[in-house]
Structure formats: C-alpha cells, structure tokens
Amino acid sequence: MDIKEARKQIDSIDAVLVAEFEKRLSLIKEIGKYKDEHHLPLVDEARDESIVALHTANCKDKTLSPYVENYIKTVVSMSNEFLKEHMHKHIFLIGMPGAGKTTVGKMLAKELGRDFYDLDQTIQDKVGKSVQNIYIYDGKDAFSEYEYSTIKELIHNKPSVIATGGGTVTYDKTVKLMRNNGLVVFVNRDVNHILDDLDLEIRPLVKESIEYIFNVYEERYPLYEEVAHIKIGNEGSITDAVQEIIEALPNTEK
Ligand SMILES: Nc1ncnc2c1ncn2[C@@H]1O[C@H](COP(=O)(O)OP(=O)(O)O)[C@@H](O)[C@H]1O
Ligand SMILES: O=C(O)C1=C[C@@H](OP(=O)(O)O)[C@@H](O)[C@H](O)C1
Ligand SMILES: [Mg+2]
C-alpha cells in the first residue's frame, strides 16, 4: 500500500472516531443530567477501570495492548473532563488549620443556597470521638481513612460546600476523590493572622508548636497550591473571602 492510500484510510478512520466520540460525549451529557438529578458522584472510578480493562482485553493483537489501554484511558479521561464541565460539583475548601475553611465555608454555602458540611465535625458525629481523640487513640492514618470514607459518603449528597481539615490533602486517594468530584478551593491565610486568631481560641497552642505551625505551613503550602483548582486569600473580612470565591467560580456553580 502506498502512503497516499494509507493516509486516505487513516483519514476515514479518524472521521469515524471523531463522529463516534461526539456521540459518546452527548451520552456523557445525559449521564451528567441523571447524576445531577440523583445526586450521584461525578466520576465512578470502578466503572472507568472496568471500561479500560474490558477493551484492553478485547484487543486482538496483544503487542498493541499497551497502546489500546492508553487510548481507551484517554477517551475515558476526556469524557470525565467533559462531564465535570457540565455538572454541578461539590466545593471543597482546603488550607491550613485556622485559615478560615469552616467559617468561610458556612457563609459561602449560605450565599450559594447549598448545604454545608464540616469534615471534622461530620467525622466526630459519625465516630463518636473528638478529632483529638481519634488522633491520640487511632492515629493519623486512621483519621485520614475516616476523612476519605466520609468524603466518599458526602459526595452522594446534592452539590454542597465541604470544609476539609488542614491535613486532608496529605492523603493521595482523598485528593483524587475531591478533585474528581468537585472544585477544590485553597483558602490561604497568612500564618501570622492564623496565630493571632487561634490565640483567642481554645485550640491549645503551646509555645513550641508555634514553630511547628510555621513548618507545617511551609511544608504544605506547595501541596495546597497543587491540589487546588482555585486559590483565594482570606486576609480581609470573611465576607470578602466569600465574594472572592464566588467571583472565581465557574458559571455552572453559581
Ligand atoms: N477573615 C477573617 N477575619 C477574622 N477572623 C477570621 C477570618 N477567617 C477566619 N477567622 C477566624 O479564625 C479562626 C479559625 O477559623 P476556622 O474557620 O475555624 O478555620 P479552619 O476551619 O480553616 O481551621 C476562627 O476563630 C475564625 O473566626
Ligand atoms: O492540619 C491538620 O493536620 C489537621 C487540621 C484539623 O482541621 P482544621 O484545619 O479545621 O483545624 C483536623 O482535621 C485535624 O486536627 C488535623
Ligand atoms: Mg475547620
């Protein structure tokens, strides 16, 4: 076969692929509507994995399997990107302890007419222990697992505002879950401001933990930036922070 003929055939195959992909996306839109109405999570990871496994296994020439696998993975991932653009999402607030996630989140939910969940509070209610006691008796990993399983439950509710804990972003699978099912907003607050406000609270900040807070801030800052879709500064009033988030939201979320 000469190159001209091969290219002609490739052009017709691509035309079919594009037409079929367009059809796939219009079905995805329907699925999006259904998921919106039934408060289902945006992305069903198990279903995605089974699609990839099925079509990779069906590939006749096994030497082509890795390429087929990549191809179908890309199709699924593009479809998810499209789905996320067309559906309402949860809004997750991330950031340092004391940055204002809970306070800003509550007011944001009110402004948007959404339900509000504070992850720490939801876990405490569910487990029947304080966050501090979960840390002491069960450990940080157990707490991270509680965060993961609680978010997994919360995403079945209608799109809400969820204030996470400062350490939620340190658990990879929770990060994936949040980014797949929502818009992640980094509420940033100068660490000196955080310390000023926390001093007024019951949170036990002994002297040596002040340095600890600075270290945590430095260590986590790049992580918060990497995980977030949107970053806002909570340096003025709480109302300002809420307005800043609302302005930065895509139209589907307003
Ligand atoms: N913009 C702000 N102005 C004044 N105080 C604030 C502001 N944002 C947060 N705070 C105060 O800081 C403290 C910690 O806020 P909180 O919402 O509990 O933080 P987080 O949930 O991120 O740990 C609270 O006392 C809250 O009222
Ligand atoms: O930064 C952290 O590692 C933590 C922050 C806390 O939430 P806040 O950020 O609401 O204080 C809470 O989840 C837990 O104590 C761990
Ligand atoms: Mg909080």
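The values are calculated or read from the model by the stated rules, or taken from the named source; none is laboratory data. None of the values given here were measured: they were computed from a predicted structure. We place every Cβ from the backbone using ideal geometry, glycine too, and count neighbours over all the protein chains shown.
Descriptive notes on the structure:
- So Lys152, is it under 14 Å from Glu226 (Cα atoms) and either within 16 Å of ligand 1 (Cβ to nearest atom) or outside the structural domain of Asp44 (by TED's automatic domain parsing) (or both): no
- For Gln243: the one exception among (1) at pLDDT 95 or above; (2) surrounded by 14 or more Cβ atoms within 10 Å (Cβ to Cβ); (3) out of contact with any Gly (no Cβ under 8 Å at 6 or more places or on another chain); (4) within 23 Å of Asn80 (Cβ to Cβ): (4)
- Taking (1) surrounded by 21 or more Cβ atoms within 10 Å (Cβ to Cβ); (2) β-branched (Val, Ile, Thr); (3) more than 16 Å from Ile91 (Cα to Cα) in turn, Thr170 satisfies each apart from (1).
- Considering region 187-208, and only residues there that are within 14 Å of ligand 3 (Cβ to nearest atom) and at pLDDT 95 or above, the residue that is farthest from Tyr117 (Cα to Cα) turns out to be Arg189.
- The condition of being within 28 Å of the chain's Cα centre (by Cα) and over 30 Å from Thr174 (Cβ atoms) holds for only one of Ser12, Ser26, Ser50, that being Ser26.
- For region 149-167, residues that are away from ligand 2 (no atom under 16 Å from the Cβ) and touching a helix residue (DSSP H, G or I) at 6+ places or on another chain (Cβ under 6 Å) total 1.
- Residues being among the β-branched types (Val, Ile, Thr) and more than 9 Å from ligand 2 (Cβ to nearest atom) - total across region 95-109: 2
- Residue list for region 166-184, filter: in contact with a strand residue (DSSP E or B) (Cβ under 9 Å, 6 or more places away or on another chain) and within 12 Å of ligand 1 (Cβ to nearest atom): Gly166, Thr168
- Counting only helices (runs of 4 or more DSSP H) that sit completely within region 55-133, those holding 2 or more residues that are away from ligand 1 (no atom under 16 Å from the Cβ), surrounded by fewer than 16 Cβ atoms within 10 Å (Cβ to Cβ) and not assigned by TED's automatic domain parsing to the domain that holds Pro159 correspond to 65-86.
- Every test in (1) farther than 27 Å from Gly32 by Cα; (2) in contact with a Lys or Arg (Cβ under 7 Å, 6 or more places away or on another chain) is passed by Gly128 save one, and that test is (2).
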